[in-house]
1. Do you know which residues across the stretch A:329-348 are touching a Gly at 6+ places or on another chain (Cβ under 9 Å) and farther than 22 Å from A:Pro193 by Cβ?
2. Please go through the stretch B:626-661 and give me each residue that is more than 10 Å from every other protein chain (Cβ to nearest Cβ), among the small types (Gly, Ala, Ser) and farther than 18 Å from B:Leu580 by Cα, ordered by number.
3. Out of curiosity, is A:Asp444 within 21 Å of A:Val380 (Cβ to Cβ), in the same structural domain as A:Gln166 (by TED's automatic domain parsing) and not in a strand (DSSP E or B)?
4. Just checking, how many residues over the stretch A:425-443 are surrounded by 20 or more Cβ atoms within 10 Å (Cβ to Cβ) and within 30 Å of A:Leu374 (Cβ to Cβ)?
5. Report the residue count in the stretch B:359-386 for those that are in contact with a Ser or Thr (Cβ under 7 Å, 6 or more places away or on another chain), of a type in the set (S, T, N, Q) and surrounded by 20 or more Cβ atoms within 10 Å (Cβ to Cβ).
6. Residue under question is B:Ala140, and the condition is that it be buried (at least 18 other Cβ atoms within 10 Å of the Cβ) and assigned to a loop (DSSP other than H, G, I, E, B); does it hold?
7. Taking only the stretch A:135-191 into account, find how many residues are without any contact (Cβ under 8 Å) to a residue 12 or more places away in the chain and within 30 Å of B:Pro666 (Cβ to Cβ).
8. Counting residues that are in contact with a Pro (Cβ under 7 Å, 6 or more places away or on another chain), which strands (runs of 3 or more DSSP E) fully inside the stretch A:40-153 reach at least 1?
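The values are calculated or read from the model by the stated rules, or taken from the named source; none is laboratory data. Here the structure is a predicted model, which means the values were calculated and not measured. Here the Cβ is made from the backbone with ideal geometry for all residues, glycine too, and neighbour counts use every protein chain on show.
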Amino acid sequence: MKEFLEHGLNMNRRRFLSRLSLGLGSVALGSLLIPDLFGGGSDAAESAFIPGMPQFAPKAKRVIYLFQNGAPSQLESFDYKPRLREMLGQELPASVRMGQRLTGMSSGQASFPLVGSFYDFKQYGAAGAWVSDLFPHTAKVVDDICIIRSMFTEAINHDPALTFFQTGAQQGNRPSMGAWLSYGLGSENKNLPAFCVLLSRGKGNGQGVYSKLWSNGFLPSIHQGVQFSSGENPVLYLNDPGGMSKTDRRKMLDKLAEMNQLSYQEFGDPEINTRIQQYEMAYRMQTAVPEITDLSKEPDNIIRLYGPDCLVPGTYAANCLLARKLSENGVRFVQLYHQGWDQHGNLPQEMAGQARDVDQASAALITDLKQRGLLDETLVIWGGEFGRTNYCQGKMVKDNYGRDHHPRCFSVWMAGGGVKPGLVYGETDELGYNITRNPVHVHDFHATILHLMGLNHEQLTYKHLGRRYRLTDVAGTVVKDILA
Amino acid sequence: MCISRYSKGLLAALLLLLLLSATACRQHKGPATAADGLPEVVDYNFHIRPILSDKCFACHGPDANKRKAGLRLDIADSAYKVLQETPGAHALVPGNPALSEVFRRISSTDTAVRMPPPSANMPLSAHDIALIEKWIKQGAKYKPHWAFVPPVKAPLPDVPDQSWCRNEIDRFVLHKMDSYGLSPNPVADPQRLLKRLCLDLTGLPPSIPLMDRFLADTSAAGYERMVDTLLAQPAYGEKMAVHWMDLARYADSHGYQDDNYRSMWPWRDWVIHAFNENLSYDRFVTWQLAGDLLPDHTREQLLATGFNRNHKITEEGGVIDEEYRVEYVTDRTNTFGKALLGVTIECAHCHDHKYDPFSQKEYYELYAFFNNVKEVGLESLVGGPETYAKKPFMEISKEDLHDVLKFINKQDTNKLIVSVMGDRDTVRKTYVLNRGNYDAPTLEVYPATPKAILPFDNKQYPSNRLGLAQWLFSPKNPLAARVFVNSMWQEVFGRGIVKTAGDFGMQGELPSHPELLDWLAVDFMEHGWNIKRLMKQIVMSATYRQSSAITGDKLGTDPENIYLSRGPRFRLPAELVRDLVLESSGLLVHKIGGPSVKPYQPPGLWEMATSGRGQLATYRQDHNESLYRRGLYTFIKRTVPPPVLMIFDGSNRDQCEVKRLTTNTPLQALVMMNDPQVLEAARVLAARLLETPGAENERLRKAFRLIICRQPEEKEMALLTAYYHDQQQTFAKAPAKAEKILSVGEYPLPQNISKPALAAMMQVVTMVYNLEEAITKT
């Protein structure tokens, strides 16, 4: 019974309790922590999907999404195009561009000179995957990851493209993917939120992030992503004020519960008991969170694996290590954002810096999860919101150039959690402009992630203002080829 | 036992389904139930349409492109006709379920025949099927959708106890209660009633003198006097504006990527002013929609049109101009639909509406009203004061401030511009956009309104926004009054008469009290769309004045309080949580309007999430008075809204919202425990209590009264006192701890005060702030 309750039912508490005719005694108090009982919502009984449990055996239990904010160039990372170097400075053929719309930043350019990668590529792993010299650590784990070179999207500007990737729609305040999974699967740890967000920033040209990217949209706010950090204030408002000990806090909460209990006796409103329990959960978070976010006790070999930056709060490396710890402790969805990937100019230099920020720690996360036996059940994703043009934006000199936004093809990688390891999936043309094989749309990408988590993307719905909304809107096909 | 986690899940699912089906029959208990558990008379609007709409219309409804087998079930004629694909058969044969293809298909056990198809995963329940069968037997009579028929005043129903009723509202409510076997709660105790009343009308808790005055005169006339007093306070306009800000998606930044500053706050000041002046709802909205088109319009009427410029505006370099211009027009169209008509017209943006009779063409006809603004998609990149409003804008001059725009709280002499509406001289052509794409225009269309609601008579009205406003407030318009009355009801009772305040369409919830909603809507129109009168009408009712205690088995029979046999009881919205804390501590600055303020906020939030461009890249916290303004005035940067607002279910102002959820989460507990704003208020109030001569228990009592707005019970006093003594001992032993706990907030500490004593009192006050009842309307 406890298990059943803990899976949660997305029903209003008052209705829930009255329907089940349970008293407000021990069972109810224990169960009020169920995340999905926190708010009203659509009727759980209407479909095979029941919030809080997978529909079929999931491959992955948790997700860590390493979002590379600003859109890293696929042409200097995972999509090797030697032809572009040969054609350096030549005009992008109209037959390739096919009238594709361009952003306002380069649409006025008189010419579109092709430019190849400043960095060399080599082949790695059993599949001989091409990886640029900017990602030496990732190159070492290619046999554990699946590189998709044929992602495409519909948006060509950062805000709508990011929003599309995170919420399945370019406009309109929809719930973020993490919120959907929190709603769909609930939390595995009753002391931690199901959806955590970690931010970092590189030195490259950045575009910022927006909290709507981890918004609960129309879902109850318990599904909102909660920002974490490895610093002294890991979660907003978590720390008691100076001068207040744990014992003092306990004392206050005990008095508070007693007084709230009096109020309950008078009003009989179950919300009062829920509030008492929320204070208890807050109290437990106050203990659990600092333990998890304290990276200082990690052993030396782990520090070496992620690199020394992982001890500096707020860095990407620290966030990767923290992501592992949160995930290991049952956080359903850990969302990282590393900003600074928008190389309209000065690409060779800026991209090297960005790659240095993320390469070692991203690879370390794979290695670390693997050595703990967690990679099989943890889905790790790396990638940005679109790709970059094969032609130069702005002035081109031999060792310096920039690339504009390019939605038609770009590369992401996925690892663990039921994804086929060591696979390179999809292809683009020899100039890296159009996809020639196995295109993967953002909706397909979402459908696949949900599938790996044991959810049918067409059935994970939430009824809001008369419509059943999905993360995948009205499209999306599971990319079966990449499933292990 | 060796069951995997996953199969336990399955087991749980089965258990759940069992439980739900066992309790399902309880849901449908209601008046006039026949022996078969079905209503005596099956009504299309109330029983059948919700099923058909939810389960059938997606394929057999208004969307012509998605219609299967050429069958439409949302229109009687079409459903009675011979089926296109099954000659000789009819979807519905009135009076004869056996001959009706609909019944044959929904009741079939053959999965190849059954509807909805198993793949749709939307099975009908046995109860649904029985309802449809009975409806067909009774003649399969269709009725127009209730919300698209103009409301009329029904006669007041007979009720068992006239004496309970204080006004017409109560007649409808008591009648409904009675039919469900419920009876009203006794009237709330005066202290709690006053708190409720003050929060609903001013958003602020009552002061102690106000409490004393109210308790001294509990007569019926005394209550009414209190209502009138509160309605006349300037805080009334602020309270009313809170909801309107969500609806109007007001913010202090442009949104999108760089999210730099915008100066729309004078428009917000106008909203407060308009509510306080009790501008009638029709004028209030007409000015906002079309103030610029009114003949000889005033500066005030022009300012009001800022409503339609509150949407996000991009400053991202490299966007395609037309893509964003179309986005702005879309936003206005959707806002008009959701906020003022209560329909999800936005669903017809890419295709015909799936449930409501709105075609995609009609969407763009409505869109045409908003498509003629003298604007561009990308006017400027992040920049200085000239970018704080986008064209068309108005400049607020010194003369304005002394003249018609006196209500704008402008303290400096800087240039102040506000985005407003203004149309082009030549009409921009409007086309249906295929799939909603800006670069895929198809058929040219002209301004008109959805015919299912009320056709637009372009002989009577001009084909512009002013005409649209006139159409909206035509007595024949079925929605405008209902939607507004419902949203005010929702503000007070926490739940609208129509629960889905933004969807009065086919998929929306049916009104719990349809006759009451219509009566209120008509009465509202008959009395000149008078908002204060409406608010007064609601709070004068006996329905409103009931105690909110959940007595007897009401939790079982009506857990959501749909039938209103008790008073409203729910947590305050984010802004009012702040207001309560500041007002009760004496910190609140009672100043109306002005530029939004930046109170305490945890460090790094803006800095970690910025492109680095613009004046909002770093959070520059305000000081002094600006730290203690009402929640309404907290600065909203759209991409990083105030965290407390988000934690307490506020809107991020990305788009129009007409309803907030009310959740109860551990993060809310953490805010109340540790937000410096709460702690500072506790410290300041504690100091005030200690500085006032009086006995210890008088001080504790006063703290409780200021925050909870009633006298503490004996047991409560005992707990408070015990905790206070304990804290006194704790801090007496550890003065260093006292020093630390007092160092919160910028408000000065009084000189010569004993710090351990102050810390102990501060802890008590903090505890009282954390009581469930503190931030709850009881």
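1. The first filter runs over the stretch A:329-348 and keeps only residues touching a Gly at 6+ places or on another chain (Cβ under 9 Å), leaving A:332-335, A:338-347.
Answer for the stretch A:329-348, where residues must be touching a Gly at 6+ places or on another chain (Cβ under 9 Å) and farther than 22 Å from A:Pro193 by Cβ: A:Gln339, A:Gly340, A:Trp341, A:Asp342, A:Gln343, A:His344, A:Gly345, A:Asn346, A:Leu347.
2. Matches in the stretch B:626-661: none.
3. Values: within 21 Å of A:Val380 (Cβ to Cβ): yes; in the same structural domain as A:Gln166 (by TED's automatic domain parsing): yes; not in a strand (DSSP E or B): yes.
So A:Asp444 passes the test.
4. Looking only at the stretch A:425-443, we keep the residues that are surrounded by 20 or more Cβ atoms within 10 Å (Cβ to Cβ), and these are A:425-426, A:428, A:431-433, A:440, A:442-443.
Still in the list and also within 30 Å of A:Leu374 (Cβ to Cβ): A:425-426, A:440, A:442-443.
Going through the stretch A:425-443 one residue at a time, the tally reaches 5.
5. Number satisfying all stated conditions: 1.
6. Working: buried (at least 18 other Cβ atoms within 10 Å of the Cβ): yes; assigned to a loop (DSSP other than H, G, I, E, B): yes.
Spelling it out, B:Ala140 is indeed buried (at least 18 other Cβ atoms within 10 Å of the Cβ) and assigned to a loop (DSSP other than H, G, I, E, B).
7. To start, the set of residues in the stretch A:135-191 that are without any contact (Cβ under 8 Å) to a residue 12 or more places away in the chain comprises A:160, A:171-172.
Those left that are additionally within 30 Å of B:Pro666 (Cβ to Cβ): A:172.
Final tally of qualifying residues: 1.
8. Working: elements: A:62-69, A:121-124, A:129-132, A:145-152.
The qualifying strands (runs of 3 or more DSSP E) are A:145-152.
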